1. Say we look at region 240-298 and pick out the residues that are under 30 Å from Val357 (Cβ atoms) and of a type in the set (S, T, N, Q); which of these is surrounded by the fewest Cβ atoms within 10 Å (Cβ to Cβ)?
2. State yes or no: is Leu472 aliphatic (A, V, I, L, M), in contact with a Lys or Arg (Cβ under 9 Å, 6 or more places away or on another chain) and either closer than 21 Å to Ile230 by Cβ or not in a strand (DSSP E or B) (or both)?
3. Do we have Arg228 as more than 16 Å from the chain's Cα centre (by Cα) and either at pLDDT below 90 or not aromatic (Phe, Trp, Tyr) (or both) here?
4. Looking at region 483-493, can you tell me whether even one residue there is in a helix (DSSP H, G or I) and in contact with a helix residue (DSSP H, G or I) (Cβ under 8 Å, 6 or more places away or on another chain)?
5. I need the strands (runs of 3 or more DSSP E) fully contained in region 263-350, keeping only those with at least 2 residues that are more than 19 Å from Leu430 (Cβ to Cβ).
6. Could you list, in sequence order, the residues of region 436-468 that are charged (D, E, K, R) and farther than 20 Å from Ser489 by Cβ?
7. So, Asn219, is that one open to solvent by less than 10 Å² (accessible area, probe 1.4 Å), within 17 Å of the chain's Cα centre (by Cα) and of a type in the set (S, T, N, Q) or not?
8. Is it true that some residue in region 227-239 is of a type in the set (A, V, I, L, M, F, W, C), in a strand (DSSP E or B) and within 16 Å of Glu191 (Cα to Cα)?
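The values are calculated or read from the model by the stated rules, or taken from the named source; none is laboratory data. This structure is a prediction, so every number in the text was calculated from the model and none was measured. All Cβ positions, even for glycine, are placed from backbone atoms using ideal geometry, and neighbour counts span all protein chains on display. Protein only, heavy atoms only, side chains kept; ligands, DNA and RNA dropped before computing areas. Shrake-Rupley method; radii C 1.70, N 1.55, O 1.52, S 1.80 Å.
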Amino acid sequence: MARSAAAGLLRHLGPLAGEAQARGLYPTQYASTNRAFSRFYWIQGQQHPLYGYGNNVETNDTQQSAQMNFEVQKRSFSSAAAHIQRNPAYSVLNPDDVSYFKSILGESGVVQDEDRVAVANVDWMGKYKGASQLLLLPKSTTEVSKILSYCNSRRLAVVPQGGNTGLVGGSVPVYDEVNGILTCEAGCVLENLSSFVENKGFIMPLDLGAKGSCHIGGNISTNAGGLRFIRYGSLHGSVLGLEVVLANGTVLDMLTTLRKDNTGYDLKHLFIGSEGSLGVVTKVAILTPAKLPSTNVAFLSCNDYISCQKLLLAAKRSLGEILSAFEFMDRHCIDLAMKHLEGVHNPLPVSPYKFYVLIETTGSDESNDKAKLEAFLLRSMEDGLVADGVIAQDISQASNFWRIREGISEASVKVGAVYKYDLSIPVEKLYDIVEEMRGRVGDMGEVLGYGHLGDGNLHLNILSTKYSDKILAQIEPFVYEWTSKQRGSISAEHGLGLMKAEKIHYSKSSEAVQLMASIKKLLDPNSILNPYKVLPQSVL
């Protein structure tokens, strides 16, 4: 392609003026950041199947209701989550337990209202449903310690939970502006923390589509990846220290803010990504990068997946230190977003392309960064890697680009039924499974592929009007077997939870799983923390 033709094809609208508030609206005041600890609700009851987060049986009526809930979910989702027989070793909640919790939390900290508890019993997709009847709202490490100590002695099972609602109480985050270190409580909402540190000239190393509701403690407990992974890496590198409450109520103080500390085992890494199964994170010390003044966001189209791969390699070489995000979406994702997301528009509406790529750069020299990005895009068009593209002119355009990418998950659940898989696969093979899945599913559903191409992380979604065993049989166990053959991971950033606990062997050796089970038994011998999650029941 001639240089002049390439320049004409790239409808360059100019650089993004600044990063602040480019993606979503931040609160204007900091008050809502003062959130404390994750909520808890309790699993207890008679022996009958458990499906989802929790089960709570105290009367025959609630037992029948829970059984009905289980059967409905079982028909809808089949093997999407395991059929689990409730562990008879767990105690049944009684009035004395409730009275004890009220004595340490007060009336307002113990929730028994059916409507409020019902919200906690269902995940945001409506896919997993429990029957717990009690929700606790601790406001301090001491209260969390007392709760877990008591539950451990009574063998009441506990599910730590955050992100569905905000909590009252908590302390103002402490910020070290010299070293860029934030210390805060686990219940702080990620978006509020982002706003807080941005006002001081820094950013959070983690950015997620769910940043407006997720809590930093939950992010750490699941080792969330997100949109800035290509630039800042995982939370294993960003988290400097943690405070964790163990199952027996012991408060483990690892809340260091030191960049270097080689005294013994670095225990905090056990809790990053453990999904609340080893302890409850209550405080966090995290390293925050400096907020850079120059940000550019480009939305590009490619004719095939090979071009996306080559574009990624070229971006790493040409953009180097300023590359902060490299996201890809197939055409089906764009069509879905345009249909189901309000207020978005296709930046490249003239003709449909097979693949789309969102590139973000952040740097310290606006003119140099702009020139570097423009030169890169021009070369990419001349080389035939990019078919068309735009660069955001302002915050509104940048927000639209990001809204499309971040809104795909939200749009997918509006179709009716969605089977979601979060896979880590070598980049050169990453889209192969999407095409193979389309062949398996046929006209029973629509298959989407998108994700963090810079990290080799595919979000594979299969959409249908309703859940069915017939569709699921075409998906599982094929998706796990295929990923295992590529030496990939069946959970790149979402964790295992209940859905994949029994599937861990597809990604980890038997020896590794047995060692994980030994750690679980050491730290939580009564297995009260987030039972039935992460590890197979057969090893515990």
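1. By that ranking, first place goes to Ser294.
2. Numbers: aliphatic (A, V, I, L, M): yes; in contact with a Lys or Arg (Cβ under 9 Å, 6 or more places away or on another chain): no; either closer than 21 Å to Ile230 by Cβ or not in a strand (DSSP E or B) (or both): yes.
Judged against the criteria, Leu472 is not a match.
3. Details: more than 16 Å from the chain's Cα centre (by Cα): no; either at pLDDT below 90 or not aromatic (Phe, Trp, Tyr) (or both): yes.
Criteria not met by Arg228.
4. Within region 483-493, the first condition is being in a helix (DSSP H, G or I), and the residues that meet it are 483-485.
From what's left, in contact with a helix residue (DSSP H, G or I) (Cβ under 8 Å, 6 or more places away or on another chain): 483-484.
Yes, region 483-493 contains a residue that is in a helix (DSSP H, G or I) and in contact with a helix residue (DSSP H, G or I) (Cβ under 8 Å, 6 or more places away or on another chain).
5. Numbers: elements: 280-287, 294-302, 323-330.
Ranges flagged: 280-287, 294-302.
6. Applying the first criterion (charged (D, E, K, R)) to region 436-468 yields 436, 438, 440, 443, 446, 455, 466.
Scanning region 436-468 gives Arg438, Arg440, Asp443, Glu446, Lys466.
7. Values: open to solvent by less than 10 Å² (accessible area, probe 1.4 Å): yes; within 17 Å of the chain's Cα centre (by Cα): yes; of a type in the set (S, T, N, Q): yes.
So Asn219 passes the test.
8. Initial filter on region 227-239 (of a type in the set (A, V, I, L, M, F, W, C)): 227, 229-230, 235, 239.
Among the residues that remain, those that are also in a strand (DSSP E or B) are: 239.
From what is left, the residues that are within 16 Å of Glu191 (Cα to Cα) are none.
There is no residue in region 227-239 that is of a type in the set (A, V, I, L, M, F, W, C), in a strand (DSSP E or B) and within 16 Å of Glu191 (Cα to Cα).
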